[in-house]
Amino acid sequence: MNVIISFVGKVQDYAGEKSTNLQLDGTADVGALFQELTRQKPELKDITRFLFVSVNEVMAPRHLLLRHGDKVALFFRMGGG
């Protein structure tokens with residue numbers, strides 16, 4: 001299955017790009033996506049525990065099963081005051 005990943009804000013600095021397509025084998029959840037993504041982009045490994053995830057513009061837990069064509073956004077928590 002193919003998913004589209006957007007790196008939002010400062011996550012782009014770690015990823016080195018704004019977005020990418022990621023090919024995943026068989027059934028995969030958000031956790032499996034992180035495993036494959038950090039295999040391809042080791043510079044993301046140290047920040048994955050701090051990242052929030054949305055799938056198709058809805059906040060998603062790491063156990064959510066992905067589907068072909070899903071749009072995944074990875075971002076740090078937004079701060080403000």
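Rule-based calculations on the coordinates, nothing more; no lab input. Since we're looking at a predicted model, the values are computed, not measured. No Cβ is skipped: glycine too gets one built from the backbone with ideal geometry, and neighbour counts run over all protein chains shown.
Of 64, 37, how do they rank once you tally other Cβ atoms within 10 Å and put the fewest first?
In order of increasing Cβ crowding within 10 Å: 64, 37.
Placing a label point 7 Å from the Cα of residue 10 along the Cα-to-Cβ direction, the residues of region 29-66 with a backbone N closer than 13 Å are 47-48, 50-52. In the chain, the longest principal axis of the Cα atoms and the axis of helix 30-40 are about 80 degrees apart. Using the Stokes-Einstein relation with a Kirkwood hydrodynamic radius computed over Cα pairs, the translational diffusion coefficient of region 2-76 at 37 °C and a viscosity of 0.692 mPa s comes to 272 µm²/s.
Converting phi to 3J(HN,Hα) with the Karplus coefficients 6.51, -1.76 and 1.60 and the offset θ = phi - 60°, region 10-27 yields 5, 4, 4, 4, 6, 7, x, 6, 7, 7, 7, 9, 10, 8, 10, 7, x, 7 Hz in sequence order, with x at every glycine or proline.
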